[in-house]
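Beneath this line is the structure, given in structure tokens, with notes to follow.
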Amino acid sequence: MATEKPPWWKTDFGPPKYDLFLPEVIKKNYGKWAYHEVIRPGVIKRVAESGDVVYTVRFGTPRLISIYTVRELCDIADKYCDGYLRWTSRHNVEFILTDESKIDDLIKEVEEKVGFPCGGTWDTPRGKYGLTNIIHTQGWVHCHTPAIDASGIVKAIMDELYEYFVDMKLPGLCRISLACCANMCGAVHASDISLVGIHRTPPLVDDDAVRRMCELPTTAASCPNAAIRVNAKKKTVEVDGEKCMYCGNCYTMCPGMPLFDPENDGAAILCGGKVSDARHPPELSKVVVPWVPNEPPRWPGIVEYIKKIFMAWANNAKKHERMIEFIERIGWERFFELAGLEFSWHLIDDFRVPPFMYASYRVGTQFRW
Amino acid sequence: MSETPLLDQIPDGPWPSFVKEIRKTAELQEKAIKEGKEIKMPGCARAVLKQLERSYEDKKTHWKHGGIVSVVGYGGGVIGRYSDLGDELPEVHHFHTIRVNMPAGWFYSTKALRQLMDVWEKWGSGLLNMHGSTGDIILLGTRSEYLQPAFEDMMKMDPPFDIGGSGSDLRTPSCCMGPALCEFACFDTLDLCYDLTMEYQNELHRPMWPYKFKFKISGCPNDCVAAKARSDFAIIGTWKGDIQIDQEAVKEYAEWMDIEEEVVKLCPTGAISYDAEKKEIKIDNSNCVRCMHCINKMPKALKPGKERGATICIGAKAPCVEGAIIGWVAVPFIPADELKDRVKEIVEPLWDWWDDEGKFRERIGEFLWRMGMGKFLRVIGQEPDVRMIKHPRTNPFMYFEEKELRPSKVVEELKKRGIKFKSLEREEEEE
């Protein structure tokens, strides 16, 4: 059915080209930066080969923001930065200044008018590190599969760790991330500290919804543990409660497989992952706390665990050491001790893929006591 | 008495509060309506708060599976979302998401951002994420009938903004700030990201594959966009040849830095030595693994080598279904000036193969485990390289292709019986 399209109509035109949005000083020095230094928390001085200097001033945001806040940020960018601004990969907003004398006024204006704190930087040459923002997902604000909220937990944790965002007094980089279910939109599986929402009970099959909305073979096939059987007679599926590991993949496929249990959903806490290659190669995060319940609105249990893990590292790591480097130096047994964590059977891998399981088992007799 | 006693406790504490952002949206929207502005989703920010308060009471989500919603000509980029409290809170009964393809590196002009905010003030909730996990601008919440006009207003912007990916399609490619602001960038990440995004608009907008596919691009091994952990196809800047040293700048650092302790001793391969008298460093580049530690420590003194390019890592993904994976090396090095062409030459046959033989909801990483690296390398035309592994296999259960076998009576007999030998060729190509 061909309908007449207006002259401005188009599809597949793609995003605006990035160079439309680069301030003149960046266009001029594109690819010709010489070095950078962090002159104070939140402010990075970048020097070009041409001798030009820019200052990027970074502020933490809550990720979920208002169009009216974006307009306020635009007003400030118009006033100080010739109408340009950028966001970082971790929900921070950055202003690019050429005039060093305006930094204080800019910071004051953003903090007072918008309420976003300046910080989130680290000075590797001097070995002074700040904490940056927590990457996170939608949670109860806008997602249909979460086991935990996202923004509320992040707020509670960042309130507790705020002093480390606005300062640079940590021994190394620490990336904290949160994903509200195992689908893990935030891909938090390679972070120094991460939280992932988990369910602990199998889906409560809604036979009627399965019949109305789901394809039986696809629903059964969606289970990585072969825990779902088709019951052709009843035109529904059945779940083997001993095999199900509550991943929620079937619910993503079929609305008739809800696995929410407010009393049993919660967060697993992982640590020791990283993506940078600096010193130690990239590493997956490992589960250190199997489950903490949902305790809105301030999640005291989660915050306490995060603080314990974070401080065990912050107080004992050597300069530049990230979580995994620290743990590998002192050993997992000492880490559990220092962080005051309990080691339980849940933390020994028994997911069905043998190479993963085996890779995490210790061979030999090298222990710390 | 407040309608949201639990959420009222959120703004406590110094970190910026998302609840405050939602409240601010509600208040300023009401003000805008009084001033005569056209706003299609009045009252929805307050309804979001009410629904969230209910989640805080019940400790569960109140959003439901979405049906199929989209804009004309597109299959992805819009995510249907409905409230299970729709009768009580009609303002958020439909509350769909529009993913907007961000500019590479997340650089914006205020002129463009203001226009986008105007669109979302009129047609949507006034709430958004800067940015979603994949990197898109996430416009949170509108009704089905406003999706199309909202997108049409985005088309009319100067410059226009297009929709990003969702579902089983190419997700919006993203990259670090690269050469725009960073001296470590080993190639032009923004240019490559834009080029791939434009080349694959059809793949981005029309879900067609077994599952999603993500490109992420980082200019150096520090990997500020976490491409190695989050993308099926990670392009990570690196270099060959010698790290460039400015010994004068080394001397400056030596004034206050303990180079022996913090640079030499932390080099993972012991490839650096320091002459404390001359205040000069020496690097055994043949033993350097290009981890970036020394360059991060002394950005003024050390630079990546001049022969620059990228490593392709393949297969990263989050836990569902077979467990979380960090991408592994598929191509150790592609020179910077060949990247645009080579990436396409590698990814297109890979997509074709996965599209033919991948299972529903099987990511590339899981698919390659099932099919084997040997076949994968044949498909993408890449020679095996010892840099792809940590160590060779520990078991002797290797496959051999027929052409690798010596002619023998046993081979003839097996063939006569119809026994097939391992083949790295794709099946359809044999026929």
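The values are calculated or read from the model by the stated rules, or taken from the named source; none is laboratory data. Everything numeric in this text was worked out from a predicted model, so none of it was measured. Cβ: placed from backbone, ideal geometry, glycine included. Neighbour counts: every protein chain shown. Surface accessibility is based on the protein's heavy atoms, side chains included, excluding ligands, DNA and RNA. Shrake-Rupley method; radii C 1.70, N 1.55, O 1.52, S 1.80 Å.
Has the stretch B:93-103 got at least one residue that is at the interface with chain A (Cβ under 8 Å from one of its Cβ atoms) and part of a helix (DSSP H, G or I)? No, the conditions are met nowhere in the stretch B:93-103. Number of residues in the stretch A:157-212 that are more than 21 Å from the chain's Cα centre (by Cα), in a helix (DSSP H, G or I) and not β-branched (Val, Ile, Thr): the value is 5. Of all the criteria given as (1) under 19 Å from A:Ile67 (Cβ atoms); (2) crowded, with 21+ Cβ neighbours inside 10 Å; (3) more than 9 Å from chain A (Cβ to nearest Cβ), the one not satisfied by B:Gln115 is (2). A:Met158 falls short on exactly one of the conditions (1) facing another protein chain (nearest Cβ under 7 Å); (2) closer than 30 Å to A:Thr219 by Cβ; (3) touching a residue at least 12 places away in the same chain (Cβ under 8 Å), and that condition is (2).
Listed by first and then second residue, the pairs linking a residue in the stretch B:3-14 that is on the phi < 0 side of the Ramachandran plot to a residue that is open to solvent by 60 Å² or more (accessible area, probe 1.4 Å), with Cβ atoms under 6 Å apart and 6 or more places separating them unless they lie on different chains, are B:Pro11/B:Lys20. In the condition set (1) touching a residue at least 60 places away in the same chain (Cβ under 8 Å); (2) open to solvent by 10 Å² or more (accessible area, probe 1.4 Å); (3) part of a loop (DSSP other than H, G, I, E, B), A:His320 is compliant with all but (2). Criterion first (at pLDDT below 95 and under 29 Å from B:Thr134 (Cβ atoms)) does A:Pro217 satisfy it? Here the answer is no, as A:Pro217 does not meet what is asked.
Just give me the residues in the stretch B:219-245 being outside any loop (DSSP other than H, G, I, E, B), crowded, with 20+ Cβ neighbours inside 10 Å and in contact with a Lys or Arg (Cβ under 8 Å, 6 or more places away or on another chain), in sequence order. Selection gives B:Ala227, B:Arg230, B:Phe233, B:Ala234, B:Ile235, B:Ile236, B:Gly237, B:Thr238, B:Trp239. Would you call A:Tyr80 more than 8 Å from chain B (Cβ to nearest Cβ) and in contact with an Asp or Glu (Cβ under 8 Å, 6 or more places away or on another chain)? Yes: the conditions hold for A:Tyr80. Considering only the stretch B:209-216, I want to know if a residue exists there that is touching a residue at least 12 places away in the same chain (Cβ under 8 Å), more than 15 Å from the chain's Cα centre (by Cα) and farther than 30 Å from B:Cys294 by Cβ. Checking the stretch B:209-216: at least one residue is touching a residue at least 12 places away in the same chain (Cβ under 8 Å), more than 15 Å from the chain's Cα centre (by Cα) and farther than 30 Å from B:Cys294 by Cβ.
As an exercise: evaluate A:Tyr35 against (1) closer than 30 Å to A:Lys128 by Cβ; (2) within 30 Å of the chain's Cα centre (by Cα); (3) open to solvent by less than 10 Å² (accessible area, probe 1.4 Å) and give the number of the one condition it does not meet. All conditions pass for A:Tyr35, except number (3).
Being open to solvent by 30 Å² or more (accessible area, probe 1.4 Å) and in a helix (DSSP H, G or I) is the filter here; which residues of the stretch B:352-370 pass it? Scanning the stretch B:352-370 gives B:Asp352, B:Asp355, B:Asp356, B:Glu357, B:Trp369, B:Arg370.
Tell me yes or no: at least one residue of the stretch B:19-31 is closer than 29 Å to A:Lys113 by Cα, assigned to a loop (DSSP other than H, G, I, E, B) and open to solvent by less than 40 Å² (accessible area, probe 1.4 Å). Scanning the stretch B:19-31, I find no residue that is closer than 29 Å to A:Lys113 by Cα, assigned to a loop (DSSP other than H, G, I, E, B) and open to solvent by less than 40 Å² (accessible area, probe 1.4 Å), so the answer is no. Of all residues in the stretch A:57-77, those satisfying the criterion of being more than 7 Å from every other protein chain (Cβ to nearest Cβ) and either open to solvent by less than 20 Å² (accessible area, probe 1.4 Å) or aliphatic (A, V, I, L, M) (or both) are A:Val57, A:Phe59, A:Leu73, A:Ile76.
Select from the stretch B:392-431 the residues that are open to solvent by 100 Å² or more (accessible area, probe 1.4 Å) and closer than 26 Å to B:Asp355 by Cβ and list them in ascending order. B:Tyr399, B:Lys420, B:Glu427, B:Glu429, B:Glu430, B:Glu431, listed by residue number. Considering the stretch B:1-42, the residues that are of a type outside the set (Ser, Thr, Tyr), at pLDDT below 95 and more than 34 Å from the chain's Cα centre (by Cα) include one that is nearest to B:Asp118 (Cα to Cα), namely B:Glu3. Taking the stated definitions as given, is B:Lys265 loosely packed, with under 15 Cβ neighbours inside 10 Å and either under 16 Å from A:Ala278 (Cα atoms) or within 12 Å of chain A (Cβ to nearest Cβ) (or both)? For B:Lys265, the condition - loosely packed, with under 15 Cβ neighbours inside 10 Å and either under 16 Å from A:Ala278 (Cα atoms) or within 12 Å of chain A (Cβ to nearest Cβ) (or both) - is met. For the stretch A:98-112, state whether one or more residues are more than 11 Å from chain B (Cβ to nearest Cβ), open to solvent by 70 Å² or more (accessible area, probe 1.4 Å) and under 18 Å from A:Pro62 (Cβ atoms). Yes, because at least one residue in the stretch A:98-112 is more than 11 Å from chain B (Cβ to nearest Cβ), open to solvent by 70 Å² or more (accessible area, probe 1.4 Å) and under 18 Å from A:Pro62 (Cβ atoms).
Of A:Glu49, A:Glu4, all but one fail to be open to solvent by 50 Å² or more (accessible area, probe 1.4 Å), touching a strand residue (DSSP E or B) at 6+ places or on another chain (Cβ under 8 Å) and at negative phi; the exception is A:Glu49. Looking at this structure, is A:Arg298 closer than 27 Å to B:Phe18 by Cα and open to solvent by 20 Å² or more (accessible area, probe 1.4 Å)? Yes.
I need the full set of residues from the stretch A:113-123 which are at the interface with chain B (Cβ under 7 Å from one of its Cβ atoms) and open to solvent by 20 Å² or more (accessible area, probe 1.4 Å), in order please. Across the stretch A:113-123, the qualifying residue is only A:Gly115.
Applying the set (1) modelled with pLDDT under 95; (2) more than 8 Å from chain B (Cβ to nearest Cβ) to A:Thr252 leaves exactly one unmet item: (2). Across the stretch B:135-173, the qualifying residues are those that are in contact with a Pro (Cβ under 7 Å, 6 or more places away or on another chain) and within 11 Å of another protein chain (Cβ to nearest Cβ), and the one among them that is surrounded by the fewest Cβ atoms within 10 Å (Cβ to Cβ) is B:Pro159. The residue of the stretch B:193-212 that is farthest from the other protein chains (Cβ to nearest Cβ), among those that are among the hydrophobic types (A, V, I, L, M, F, W, C) and surrounded by 24 or more Cβ atoms within 10 Å (Cβ to Cβ), is B:Leu196. Quick one: in the stretch B:281-303, which of the residues that are open to solvent by less than 10 Å² (accessible area, probe 1.4 Å) and more than 24 Å from the chain's Cα centre (by Cα) is farthest from A:Tyr35 (Cα to Cα)? Selected residue: B:Ile281.
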